[in-house]
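J.: Once you've had a glance at the structure underneath, I'll fire off some questions.
The values are calculated or read from the model by the stated rules, or taken from the named source; none is laboratory data. Model, not experiment: these values are computed from the prediction. Cβ placement follows ideal geometry from the backbone for every residue including glycine, while neighbour counts extend to all protein chains displayed. Note: accessible area is taken over every heavy atom of the protein model, side chains too, but ligands, DNA and RNA are not part of it. Shrake-Rupley method; radii C 1.70, N 1.55, O 1.52, S 1.80 Å.
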Amino acid sequence: MLARAWAMGAGPTGGVVTIDPDATLVDTYGPGKEGSTFTYRGEVGLSPLIGVCGETGDVLAVRARGGNAHPGRANAGFIRECAAAIPSAVRERVNLWIRVDSAGYQHDVFNAAEALGAVFTVTAPQRSNVRAAIGALATNPTTVWIPALAAEAERGSEIAETTPEIGSTKKDRRLLRMIVRRQRTSAGDQLSLDDLDGWRFHAIVTNLPALFAPAEEVEAHHRLRGGIPEDAIRQLKEDFGLIHAPVQNFFGNWLWWQGCALAHNTARWIRHLALPPEFQRCRGKRLRLAFFNVAARVVDHSRQLCLRLPRSHAWADAFIEALTRIRRLPAFA
């Protein structure tokens with residue numbers, strides 16, 4: 001279905017497809033839910049992995065996990081699963097970009113991305129070696145800081161980069177490009193022991209050479225994981241049922257979440273292919289109110305079935321136009 005929807009025009013249009021894997025928490029209630037246990041937040045629940053296409057918001061894969069699963073567990077295998085879900089016709093003509101938070105800062109993720117021939121950007125956690133590299137960069141008087149892009153430019157954030165060696169063993173040791181963003185702290189901000197001279201530092205690592213993309217563009221692209229991917233997971237949970245684990249069986253809940261992902265994707269395809277622009281990023285509740293749960297009547301008139309909408313329906317014209325566009329789509333894309 002993903003291949004057919006993307007062939008109809010609902011897929012990414014640029015030369016890059018970004019995979020955004022992330023873990024989320026689903027609270028459970030009552031005894032006996034398989035896999036349900038205390039999470040790192042001290043609540044009882046499950047911790048599924050969700051893989052999202054960063055350009056479109058389509059869910060590529062869902063993997064059920066127990067509540068005590070670390071956010072970074074099995075990320076490498078899940079990334080391969082998400083990459084396999086990308087239609088082959090798209091995969092042949094685009095570059096793959098894997099974008100992960102600090103849970104993906106592990107050599108298995110780096111190796112999986114390189115095996116797929118993909119670019120990766122991973123948030124670097126504030127470990128001792130990362131802090132040392134950031135400190136050396138920040139205190140070096142020859143470091144050139146350039147303005148950040150997008151929203152961070154308005155905050156006065158700046159970008160610089162270095163190339164540290166990471167890995168504790170000879171097998172894992174590698175040189176990666178580390179891009180550091182420093183942001184000026186202001187009154188009322190929660191201060192940190194890692195702040196230096198009034199600056200707060202955030203770092204990412206990437207295998208993308210500086211020759212192909214400037215540091216500020218790479219950093220700005222990595223920050224986009226807080227946009228469409230996070231919104232897709234929020235809609236999955238709040239609008240399409242992934243916030244629930246309705247059955248006792250572990251695999252039954254996994255199957256339920258697959259159905260939630262399918263409903264989410266189908267709603268996105270309808271919004272993109274059939275609905276007016278103002279509905280492109282609307283919530284599922286508004287979508288159901290305006291188009292799915294419409295009070296109408298099916299009548300038989302002159303041996304033809306007709307759908308009669310109420311005159312008071314606010315989106316009647318958009319409803320009719322959506323039906324017309326859907327009927328024009330090719331039967332087999």
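J.: Kindly indicate which of Asp231, Asp300 is closer than 22 Å to Trp97 by Cβ and not in a loop (DSSP other than H, G, I, E, B).
T.: Answer to the selection: Asp231.
J.: Please count how many residues of segment 259-289 are assigned to a loop (DSSP other than H, G, I, E, B) and among the basic types (Lys, Arg).
T.: Result for segment 259-289: 2.
J.: Same structure again: What number goes with the only condition from (1) open to solvent by 30 Å² or more (accessible area, probe 1.4 Å); (2) among the aromatic types (Phe, Trp, Tyr); (3) in a strand (DSSP E or B) that Phe212 does not pass?
T.: (3)
J.: Only one residue in Val205, Val180 is open to solvent by less than 30 Å² (accessible area, probe 1.4 Å), of a type in the set (A, V, I, L, M, F, W, C), over 17 Å from Glu152 (Cβ atoms) and part of a strand (DSSP E or B). Which one?
T.: Just a single option satisfies the conditions, and that option is Val205.
J.: For segment 257-278, name all the residues that are surrounded by fewer than 19 Cβ atoms within 10 Å (Cβ to Cβ) and closer than 17 Å to Arg234 by Cα.
T.: Of everything in segment 257-278, those that are surrounded by fewer than 19 Cβ atoms within 10 Å (Cβ to Cβ) and closer than 17 Å to Arg234 by Cα turn out to be Gln258, Gly259, Leu262, Ala263, Thr266.
J.: What are the residue pairs meeting all of these: first residue in segment 1-20, first residue touching a residue at least 60 places away in the same chain (Cβ under 8 Å), second residue among the acidic types (Asp, Glu), Cβ atoms under 7 Å, and 6 or more apart or on different chains?
T.: Within 7 Å, the pairs are Leu2/Asp58; Pro12/Glu55; Gly14/Glu55; Val17/Glu55; Thr18/Glu55.
J.: Follow-up. Any idea how many residues of segment 75-104 are in contact with a strand residue (DSSP E or B) (Cβ under 7 Å, 6 or more places away or on another chain), among the aliphatic types (A, V, I, L, M) and either within 13 Å of Ile19 (Cβ to Cβ) or free of Cβ contacts under 8 Å to residues at least 60 places away in the same chain (or both)?
T.: 9
J.: Evaluate segment 153-160: report whether one residue or more is within 28 Å of Gly259 (Cα to Cα), out of contact with any helix residue (DSSP H, G or I) (no Cβ under 6 Å at 6 or more places or on another chain) and surrounded by 17 or more Cβ atoms within 10 Å (Cβ to Cβ).
T.: no
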